Amino acid sequence: MSELVVEDLVAGYGDARVLHGVRLTVREGEICAILGPNGAGKTTLLRALSGMVKARGTVRLGGADLIGRPPDALARQGVAHVPEGRGTFMPLTVEENLRLGAFVRRGKAEVEADLERIHAYFPALKTRLKQTAGSLSGGEQQMLAIGRALMLRPRLLLLDEPSLGLAPLVTRELFRIVQAINAEERTTVVVVEQNAHLALGIAQQAHVLETGRIVLSGTAEEIRADEQVAQSYLGYRV
Ligand SMILES: Nc1ncnc2c1ncn2[C@@H]1O[C@H](COP(=O)(O)OP(=O)(O)OP(=O)(O)O)[C@@H](O)[C@H]1O
Ligand SMILES: [Mg+2]
């Protein structure tokens, strides 16, 4: 079971509170999109879910209580976070980056099998295993970041602005792969994305976050049909 339940989530930096009681549920195997303006707290929400910022409230994944636990403990629980800016290790090779993703895992044979699995999702990486991450294109780096996260065998995959800085064609390919991963591995996904069209295209549920509060929730269709969302995030009037 990997249903994500978030209730009354409060988080911030030092004395500055950024999230003021966030509540959302993502059913097992579903994709949830988080939309919202710059500075709304989207990145902070993902950081709270992966233990990178201090948080209070409730975060449960498949019944296991995750709140207040450090990032490595959450990684062991199957929470994989692909941060804003990707977080790949530039001087290391593609293969070294992928193997780092398996840091909490045992079972060498399984890790080798997972490398093969990731090559199947991202054939572009397979031909570049010995290249440094720093020499990859932006799209390839994002693929590497997601591939590395998959090496954790995540139950929950957190993606922060995967399309940032990428050409539309590359972005569409990336989202197609995320959808395939979600369908094949049944990984629950929370994706923060500026490109609301793309995010709503693959998500079942969506939430709009503004100044640390969820101001609108619904199915992807409902959020897409909402006039105010259309004006604010989709760039057109309905
Ligand atoms: N490391 C930090 N220390 C202090 N304040 C921070 C830190 N990171 C973010 N903040 C503040 O928290 C608030 C929310 O930031 P956050 O990065 O979560 O927003 P966001 O919705 O991801 O924005 P964007 O769309 O620009 O990525 C902002 O006011 C920001 O200045
Ligand atoms: Mg952000």
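Rounded to the nearest 10 degrees, what's the angle between the helix 108-121 long axis and the longest principal axis of the chain, both from Cα atoms, 0 to 90?
Tilt relative to the chain: about 70 degrees.
Give, to the nearest whole percent, the P(r) tail of the stretch 131-174 beyond 11 angstrom, counting all Cα pairs.
Every Cα pair in the stretch 131-174 considered, those over 11 Å come to 67 percent.
What is the local net charge at residue 34, summed over the other residues whose Cβ is closer than 12 Å to its Cβ (Lys, Arg +1; Asp, Glu -1)? Could the numbers behind the result be given before it?
On the way: positive: 42; negative: 160, 161, 193, 210.
Charge balance in the 12 Å sphere: -3.
Could you work out the Kirkwood radius for the chain, taking every pair of different alpha carbons, averaging 1/r and inverting it, reported in Å?
Values: mean 1/r = 0.0556 Å⁻¹.
That comes to 18.0 Å for the chain.
Once phi is turned into ³J(HN,Hα) by the Karplus curve 6.51 cos²θ - 1.76 cosθ + 1.60 with θ = phi - 60°, what whole-Hz value does each residue of the stretch 134-149 show in order, with x for glycine and proline?
x, 8, 7, 6, x, x, 5, 5, 5, 4, 4, 4, 6, x, 4, 4
Which length gain, in nm to one decimal place, applies between residue 23 and residue 58 when the Cα-Cα distance is subtracted from 0.36 nm times their residue separation?
Numbers: separation 35, 0.36 × 35 = 12.60 nm, distance 0.88 nm.
Length gained between residue 23 and residue 58: 11.7 nm.
How much net charge surrounds residue 220 when only the other residues with a Cβ under 13 Å from the Cβ of residue 220 are counted, with Lys and Arg +1 and Asp and Glu -1?
Working: positive: 224; negative: 30, 193, 221, 222, 226.
Once positives and negatives cancel, what remains is -4.
So between residue 119 and residue 216, what do we pick up on full extension, going 0.36 nm a residue minus the alpha carbon distance? Before the final figure, lay out each step's value.
On the way: separation 97, 0.36 × 97 = 34.92 nm, distance 3.77 nm.
Result for the pair: 31.1 nm of gain on full extension.
Any idea what angle helix 168-185 forms with the longest principal axis of the chain, computed on alpha-carbon atoms, 0 to 90 degrees, nearest 10?
Value to nearest ten degrees: 80.
Which value in nm describes the separation of the simple spin-label points at residue 8 and residue 90, placed 7 Å from the Cα toward the beta carbon?
In this crude spin-label approximation the distance works out to 4.4 nm.
About the Cα centre of the stretch 4-233, what is the dipole size in debye to 20, counting +1 per Lys and Arg Cβ and -1 per Asp and Glu Cβ, all else neutral? Don't skip to the end; give the middle numbers.
On the way: 27 positive and 26 negative charges, 138 e Å.
With Lys and Arg at +1 and Asp and Glu at -1, about 660 debye.
If I model the stretch 51-143 as equal point scatterers sitting on the Cα atoms and use the Debye formula, what is log10 I(q)/I(0) at q = 0.12, 0.16, 0.20, 0.24 Å⁻¹?
Relative scattering, expressed as log10 I(q)/I(0), comes to -0.47, -0.77, -1.04, -1.23.
Rule-based calculations on the coordinates, nothing more; no lab input. Note that the coordinates shown come from a computational prediction; the quantities given were computed from them, not determined experimentally. Don't worry about glycine lacking a Cβ; one is built from the backbone with ideal geometry, like all the others, and counts go over all protein chains shown.
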